[in-house]
Amino acid sequence: MVKRGNIGRKGISPSQWVKIRKISQVIFFIIFLALFFWSRREFYLNPSVESGFKETLVNLPLKLDPLVMIAQAIASRKILQGSLLAVFTLILTFILGRVWCGWFCPMGTILEWLPLRSWKKKQPSVPEWFRGIKYVLLMVILFSAIFTNLTLLFLDPLTIGYRTLTTAIWPGLDKIVTFLELQLIQVPFLSAAVGGFDSLIRPAIFPAHPAFYRYGLLYIGFFFSLIVLNVLAPRFWCRYLCPLGGLLGLLGKVSLVGCEITSNCSTCGKCVPACPTGAIKDQGQVFCDPGECTMCLVCAENCPGDSVKFPFKVSQFLNQPYDIERRKVLLSMGATAVGVGLLETNFAGQVQPPTPIRPPGVMNEKLLSTCIRCGECSTVCPTNAIQMAVLDGGVEGFWTPIIVPRIGYCDYSCQACGQVCPVEAIPPLSLEIKRRQVIGKALVDRDRCLPWAENQECIVCEEMCPVPDKAIELELVEVSDGTGGTKILQRPVVVRKLCIGCGICETKCPVAGEAAIQITVHSGGHQPGRNHQGWQ
Amino acid sequence: MTSLSRKNFLRFLATSIGSLYLSGCINQDKLLSRSFSPEKITPTPFLPGPQNTVEADPTIEPEETPTQEPSTTPVPVYPDLVVARQGDPEQMVRAAVDSLGGMGRFVTPGDVVVVKPNICASYHSYEYAATTNPWVVGAVVKLAIEAGAKQVKVMDYPFGGTAEQAYRKSGIQAEVQKAGGKMVVMSNIKFIETAIPEGKDLRSTRIYDDILRADVLINVPIAKNHELALLTLAMKNLMGIIYNRPYMHTNLGQRLADLSTRVRSHLVIVDAVRMLMAHGPTGGNLADVKKANTVIASPDIVAADSYAATLFGYQPEQLGYINKGVQMGLGIANLDKLNIEEIHLG
């Protein structure tokens, strides 16, 4: 464990400490990325192998995230063993302050690397009360969790990271690389090299089959806008908006180690604009707000004297105007009640519940109060069947996993989503049990199906059906062959009691556009008439 | 000499990428649709079966190629088709290939050999007879390596599940690696638009590059049920080497025959150790599996498929692609006209 009590006194100098911190940021950023790529690769290669090891490892960042773990525990009324890891982060924050934000958080690292403009000479003109937003967000998230709603967890920095990587950055890079490969493979002397390169990067880094995610632009746009906000203030997101930062900030206020400007300060004011989160304020006397300080040590590096110390002491609880006070608590409670209440009174949602097709074993009602919106299931799904809902599952179901069978099918020998889910929102099922999960039922559109509508031969859905006794039967009919004679034609008919709704028939249906066989919600797995049972 | 400015560097980069791209475009026509060159695919490792019998056995009328010029050199007598029964899979493959004249008849030292088993999905292990028997594939790889093959690649493109998992689950990966072969995961970028000049309906399609470049293709299907084609055998097994498979299902028989005119299987070994009698091609029910302990080997893809069809109680002419194969001159379906050798082991 790093001790920071001796900053500027002996041994390691402040600028060396800053270097160490930057190395830590790089390492954790690389670990975050590596786990992302590794999880995709591992679950692609072994979608049905339970090792215990990979499931634990890929979730590590999320399990260390106290915001999602606390909110999830409140909403699901259940404490998972794995989420106790988040206690470690809380203890660390209690001792050292918001080191998570300054030393580890990948989102914070990106925002620090991309300041977009120099802040050496000027102070941001964002009003100070903006800092209160993160506390309001935090409280709304926690209050909603009491009402079993977890929708706003899509604002957690780690889930933002996973979402953007999964749906936009990674498939986008893949498309560019694939395009270049397809161009270069046509150059005679390069084709062998390109082929070799391709087998090196797939499936190690990029998907073996083209990855498709809906609305990638939306998520990358959201992510970019967070970066662009840096124009208004350095680390704008971390300062003003991040609910996880809010949670850690509250704990940081009483942390054992904290930044202290000693009395021999010359009030030169160099540390004030240097501080990337604006935690150091010059109000006649220079002081640091430990709730805003990310322990980045830049102040110590910039201090011409030796006045910035990080002593081991209980921080004074300095209440700032932007901190939590009664009004903000009441505002958050009000906003939560109105928000959650309105979601529940959504009449259309009650009559026609937006119950999309969910991953295997998922109960829609339970999912909404358990899913932390991280999207790891979507990352590892080898066929891209799992997409993240936008409004498909109602407003409260934003960024929960759904299955879009036209994009991908639920592989009969895969159980990756249940294994990777850090909160068991998708239950970890053995392959045998997962194969019996009914996620929907196929329905043939006889007005568009080739053998039904156009008397053409096609049995692709029957051929693909993985159910041992085939959930699609072929009905034999005698039809005109167009030249005056007749021919026997096979027409697909779904055997509803056998169909598990895996959707491979819809994925592979050769009819252009919408498939002529589609998966529809099966009422057995969902409560009709209500999509959100959390209240009771 | 000034140092390279950013502008100049970018200019240099743009020019080189541009010229690279242009060179790609120039070659595009030629490369994207490789012209048909039978020499390249069929480096005459053997004479087609029917001709052999013409030379060796004058009692059998040459049906397919009556005007064939007699070969100047005497050709050894080989059966057109060998059926081995009741041994363990490797024994049966060895016995069958030996009777055909040994693997040396098909593989010359230094050849790159592609073995194409049927690994249709990652759902079940080999007992369910949805994928080719791993020991049959392993034996084929061993024989090819013993015959001096430089490299033996084994590949298929499963439609269900990931290739890596299907290779493992089928047991084929373990046997192939033990035998010294290489499992190749087929890459999406290596399916190359290829003209099929002899095709009647399928005139062009995207075919896997490694298969086009291979010196020898050994087609190792498993004999199993398929609702549209009745059976999945060797000609149907070639579906795995093309990209646009849903397209094939209309006019399947003709298109499969067309494909076989472009991609010749130099040796066909039909695995009927276990046969999937119903609910193919994916299977999953042991009650649908019949243990027949049979391996069929022939250089004639139509003959091999025809014989395999009889194991299911079908007449060869009931299968659309066999009929079309005969029409396209790919081989002989009439089993009475074939010189068939039956071997009973054990």
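Laboratory data are not the source of any read-out in this text; all were calculated from the coordinates shown. Computed from a predicted structure; not experimentally measured. Here the Cβ positions follow ideal geometry from the backbone for every residue, glycine too, while neighbour counts run over all protein chains shown.
The charge dipole of the range B:259-342, taken about its Cα centre with unit charges on the Cβ atoms of Lys, Arg (+1), Asp and Glu (-1) only, comes to about 240 debye.
Under the convention that each Lys and Arg Cβ holds +1 and each Asp and Glu Cβ holds -1, the size of the dipole of the protein assembly as shown around its Cα centre is about 5080 debye.
Quick check: from the Cα gyration tensor, does the range B:45-344 come out rounded (a/c under 1.5), prolate or oblate? The shape class here is rounded.
For peptide A:465-474, how many partner chain Cβ atoms fall within 10 Å of a residue's Cβ, on average?
Average neighbour count from other chains, rounded to a whole number: 5.
In terms of other Cβ atoms within 10 Å, A:THR159, B:THR250 run from fewest to most in the order B:THR250, A:THR159.
The GluC sites (Glu not before Pro) of the range A:268-334 that DSSP puts in a loop, and whose beta carbon has at most 14 other beta carbons within 10 Å, are A:GLU325. Exposure proxy for A:LYS441, A:LYS121, A:LYS175: other Cβ atoms within 10 Å of each Cβ, ordered fewest to most, give A:LYS121, A:LYS175, A:LYS441.
Using a cutoff of 8 angstrom between alpha carbon atoms and counting only pairs six or more residues apart, the relative contact order for chain A works out to 18 percent.
When the dipole is taken about the Cα centre of the range B:189-273, and only Lys, Arg (+1) and Asp, Glu (-1) are charged at their Cβ, what size is it in debye, to the nearest 20?
Dipole magnitude for the range B:189-273 comes out near 120 debye.
Of the residues B:GLN165, B:ALA96, B:LEU81, the one whose Cα sits farthest towards the positive end of the charge dipole of the range B:45-344 is B:GLN165 (charges of +1 on Lys and Arg Cβ, -1 on Asp and Glu Cβ, taken about the Cα centre).
Counting, for every residue in A:200-208, the Cβ atoms of other protein chains within 10 Å of its Cβ and taking the mean gives 2.
Taking every DSSP bridge with both residues inside the protein assembly as shown, close to 65 percent are antiparallel.
Counting neighbouring Cβ atoms within 10 Å and putting the fewest first, the residues A:HIS209, B:HIS344, B:HIS124 line up as B:HIS344, A:HIS209, B:HIS124.
Which of the three applies to the range A:1-111, rounded, prolate or oblate, going by the alpha-carbon gyration tensor with a ≥ b ≥ c and a/c under 1.5 meaning rounded? Judged from the Cα gyration tensor, the range A:1-111 comes out oblate (a/c at least 1.5, b/c at or above a/b). The simple spin-label model puts a point 7 Å past each Cα toward its Cβ; for A:ALA34 and B:ASN334 those points are separated by 6.9 nm.
Averaging 1/r over each pair of different alpha-carbon atoms in the protein assembly as shown and inverting the result gives 31.0 Å, the Kirkwood hydrodynamic radius. Where a ≥ b ≥ c are the square roots of the eigenvalues of the C-alpha gyration tensor, would you call the range A:441-520 rounded, which needs a/c under 1.5, or, failing that, prolate if a/b is larger than b/c, or oblate? Note, shape of the range A:441-520 comes out prolate.
Residue-wise HN-Hα couplings along the range B:216-226, as the Karplus relation 6.51 cos²θ - 1.76 cosθ + 1.60 with θ = phi - 60° gives them from phi, are 9, 10, 10, 9, 10, x, 9, 7, 8, 5, 8 Hz; Gly and Pro carry x.
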